[in-house]
Amino acid sequence: MNTSTPSVRSSFLARLALAMLVLLPASTHAQVPTMISYQGRVLMNNNNFNGTGQFKFALVQGAGPALLWKNDGSPGNTEPLAFVSLSVANGLVMTVLGDTTLANMNSLPGSVFANPDVRLRVWFNGGAGFQQLTPDQRIVSVGYALMAGNVPDGSITTSKLAPGVLSPANFPPNSVTSAQLSDDLDLGSPSAVGRLDVYRTTAGTPAITLDGASSTLSTFGADGKEQIRLWGVSWGEILLKNSLANNATAVVLTSQGSTGGRLSLNNTNGQGRAILEGENSGGLLTLNTADGNVGAVLYGNEGQGSGALSLRDTNGSPRFRAYGGPNSGLLQMYDKDGTETFTANAAGDGSLVVRQGDGSSGAALLANNGTGGGGVTVYRDNGSFAGQLTVANTSQDDGYLGLANRAGSTRFYARASNGSDSQGGYVGLRNAAGAQTITLDADSGGDGRITTQVITITGGSDFSENFEINAEKDQLKPGMIVSIDPKSPGELALSHEPYDNKVAGVVSGAGGVKPGMLMGQAGTKADGKHPVALTGRVYCWVDASQGAIEPGDMITTSSTPGHGMKAANRERAFGTIIGKAMTGLSEGKGLVLVLVNLQ
């Protein structure tokens with residue numbers, strides 16, 4: 001093997017030693033690492049050496065011959081006996097003197113550097129035997145940093161450091177592992193902007209940036225995009241950004257000076273959706289719609305010291321408002337044109353007003369109508385009075401219902417008592433002139449009474465009374481003639497004698513003609529199950545076997561039960577006539593319309 005004296009160039013990391021000096025605490029002694037970083041380059045035959053080389057190290061006082069430290073700790077001023085094996089790649093070698101984790105490497109005492117001139121001597125064996133490398137390398141600041149452990153507390157200040165010594169370029173990765181800063185650490189100066197970048201993200205960018213130019217503290221995600229910003233040029237503000245590709249701001253917390261704090265919540269595109277403000281006059285919460293218009297506003301102070309809620313249309317116009325005061329709750333609703341059409345007011349006894357499209361009243365519900373009771377008032381489309389319902393009117397403490405004509409004058413009313421305070425139902429109807437023409441009184445001396453000028457009945461055509469009729473169930477049917485039953489006072493029976501002077505009337509309801517007026521008194525003899533026509537038009541069963549019947553003939557009883565016949569014998573007819581025929585029957589049995597007129 002062709003070998004030549006290898007050339008080795010050595011350098012020392014003075015920056016590390018300096019960092020160790022700067023970062024010592026001011027009030028306590030630190031445990032200073034007793035190690036020095038060593039780097040060198042090995043050439044053999046002018047080529048970079050590759051492989052494992054054998055090295056011996058010693059620290060020499062000045063030009064020698066006194067050796068202050070040897071790597072194997074052997075005594076005397078001679079070459080160390082044991083060597084340290086180190087890997088050399090492309091001629092470059094690096095190790096740490098005093099690293100006891102390496103074989104044949106003893107610790108490096110700081111007392112060595114009590115001498116003013118300490119130099120490093122190196123022996124190398126790359127396969128041709130150990131050779132001493134020359135010249136010895138003088139150690140300047142790095143080794144002397146080992147004396148930092150003996151520096152008096154508080155003796156090192158920033159004034160003792162050279163300008164720019166704290167530049168990030170002086171601190172390579174992993175060069176500082178643990179430290180405690182002094183009470184005052186400046187980045188920049190009054191004439192120079194300070195900036196601190198703490199590395200690093202997966203993207204290779206700063207993870208934290210402190211920028212004096214914009215008064216900003218920013219943190220960044222793994223992708224290098226800003227996620228949090230704290231800044232305060234004009235006022236304090238915090239920005240929180242989302243994790244999407246657009247990196248949009250999702251939350252903004254701002255101190256707005258005179259208007260108070262503000263919290264904004266945005267959607268995924270950074271568009272505002274909710275704003276909470278700490279206004280001086282009261283808190284304010286604003287919610288926006290999808291198109292960015294205001295959708296709802298919650299006020300802590302609506303202007304008079306009370307809370308309020310406003311719900312908006314798609315164009316941002318108010319459509320619903322609720323107020324908490326100042327003295328009572330108020331609810332308002334508006335139509336598409338902005339006209340108030342609904343009002344609920346809790347003031348006093350409470351009221352509810354529904355308005356028409358022009359803002360005029362349509363209906364009003366009052367908890368107190370002025371007389372101590374609730375009421376409902378209804379208005380026409382022109383705003384005129386149409387009617388009202390109250391639990392008390394101006395003269396009675398009872399319910400009241402009134403309906404007005406188009407002019408607003410009451411034409412129908414109903415009360416829960418009459419004018420005599422009978423506590424019975426009372427209804428009054430008035431004519432066009434305002435005069436009451438119909439009265440329904442549910443308690444007129446204990447009885448119901450209807451008072452009017454004319455009664456028109458359209459549901460029937462006879463005047464009947466209810467009677468009990470003694471007859472077999474399958475024999476009795478509407479249209480049959482009945483007579484007084486002498487065996488049962490107040491009751492009737494089917495007629496069965498010709499020219500019967502006990503004839504009473506005709507059972508109503510035959511031929512589809514119903515009673516027009518029916519009377520009776522429950523619980524007395526003047527009552528019963530069957531309506532009997534005493535006057536008026538009614539269909540009647542007749543038997544024409546005793547003679548054909550023509551309109552105008554007098555009808556009397558016959559021997560056929562319940563049937564009438566033509567009264568041919570005028571002498572016998574007196575007192576037995578049921579009425580006059582209004583239709584005819586030529587033969588057999590059938591129904592004939594009879595005008596009942598007992599005689």
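The values are calculated or read from the model by the stated rules, or taken from the named source; none is laboratory data. Keep in mind that what you see is a predicted model, and the values were worked out from it rather than measured. Because the Cβ atoms are built from the backbone with ideal geometry, glycine has one as well, and the counts that use them run over all protein chains shown.
A compact table of results
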{"read-out": "Residue pairs meeting the criteria (Cβ under 6 Å; at least 6 apart or on separate chains; first without any contact (Cβ under 8 Å) to a residue 40 or more places away in the chain, in the range 490-510; second acidic (Asp, Glu))", "value": "Glu491/Glu468; Glu491/Asp485; Ala493/Asp485"}
{"read-out": "Matching entry among Ser360, Ser281 (being over 18 Å from the mean Cα position of the chain (by Cα), closer than 25 Å to Leu403 by Cβ and surrounded by fewer than 16 Cβ atoms within 10 Å (Cβ to Cβ))", "value": "Ser360"}
{"read-out": "Test: Lys487 is exposed (fewer than 11 other Cβ atoms within 10 Å of the Cβ) and either without any contact (Cβ under 8 Å) to a residue 12 or more places away in the chain or more than 22 Å from Lys589 (Cα to Cα) (or both)", "value": "yes"}
{"read-out": "Candidates Pro561, Pro551, filtered to the one that is touching a strand residue (DSSP E or B) at 6+ places or on another chain (Cβ under 6 Å) and within 17 Å of Lys589 (Cβ to Cβ)", "value": "Pro561"}
{"read-out": "Selection within the range 408-453 - assigned to a loop (DSSP other than H, G, I, E, B), modelled with pLDDT under 85 and of a type in the set (A, V, I, L, M, F, W, C)", "value": "Ala416"}
{"read-out": "Single unsatisfied condition, Ser306 versus (1) crowded, with 17+ Cβ neighbours inside 10 Å; (2) assigned to a strand (DSSP E or B)", "value": "(2)"}
{"read-out": "Residue ranges of strands (runs of 3 or more DSSP E) in the range 258-299 with at least 3 members under 21 Å from Asn247 (Cα atoms)", "value": "261-266, 272-279"}
{"read-out": "Top-ranked residue in the range 48-85 [being β-branched (Val, Ile, Thr) and surrounded by 17 or more Cβ atoms within 10 Å (Cβ to Cβ); ranked as farthest from the chain's Cα centre (by Cα)]", "value": "Val60"}
{"read-out": "Qualifying positions in the range 86-103 - surrounded by 13 or more Cβ atoms within 10 Å (Cβ to Cβ) and either under 18 Å from Gly126 (Cα atoms) or of a type in the set (Gly, Ala, Ser) (or both)", "value": "Leu86, Val88, Gly91, Leu92, Val93, Met94, Thr95, Gly98"}
{"read-out": "Members of the range 527-564 that are out of contact with any Gly (no Cβ under 7 Å at 6 or more places or on another chain), over 20 Å from Glu468 (Cα atoms) and touching a residue at least 60 places away in the same chain (Cβ under 8 Å)", "value": "Arg537, Ser559, Thr560, Gly564"}
{"read-out": "Single residue of the range 379-400 satisfying the filter (in a strand (DSSP E or B) and buried (at least 18 other Cβ atoms within 10 Å of the Cβ)) that is modelled with the highest pLDDT", "value": "Tyr379"}
{"read-out": "Criterion violated by Leu230 - all others in (1) at pLDDT 90 or above; (2) touching a Lys or Arg at 6+ places or on another chain (Cβ under 7 Å) satisfied", "value": "(2)"}
{"read-out": "Candidate set from the range 451-470 (those that are more than 30 Å from Asn418 (Cβ to Cβ) and in contact (Cβ under 8 Å) with a residue 40 or more places away in the chain); member that is surrounded by the most Cβ atoms within 10 Å (Cβ to Cβ)", "value": "Asp462"}
{"read-out": "Qualifying residue in the range 117-133 (condition: outside any loop (DSSP other than H, G, I, E, B), at pLDDT below 95, more than 13 Å from Phe57 (Cα to Cα) and of a type in the set (S, T, N, Q))", "value": "no"}
{"read-out": "Where Arg415 falls short, out of the listed (1) surrounded by fewer than 19 Cβ atoms within 10 Å (Cβ to Cβ); (2) within 60 Å of the chain's Cα centre (by Cα)", "value": "(1)"}
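The rows are residues; the columns are (1) touching a residue at least 24 places away in the same chain (Cβ under 8 Å); (2) in contact with a Pro (Cβ under 8 Å, 6 or more places away or on another chain); (3) not hydrophobic (A, V, I, L, M, F, W, C).
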position	(1), (2), (3)
Gly292	no, no, yes
Ala308	no, no, no
Ala322	no, no, no
Tyr334	no, yes, yes
Ala346	no, no, no
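One line per residue, one yes/no per condition, for (1) part of a loop (DSSP other than H, G, I, E, B); (2) surrounded by 15 or more Cβ atoms within 10 Å (Cβ to Cβ); (3) of a type in the set (Asp, Glu):
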{"site": "Lys525", "(1), (2), (3)": "yes, no, no"}
{"site": "Ser545", "(1), (2), (3)": "no, no, no"}
{"site": "Ala568", "(1), (2), (3)": "yes, no, no"}
{"site": "Arg572", "(1), (2), (3)": "no, no, no"}
{"site": "Lys580", "(1), (2), (3)": "no, yes, no"}
{"site": "Val596", "(1), (2), (3)": "no, yes, no"}
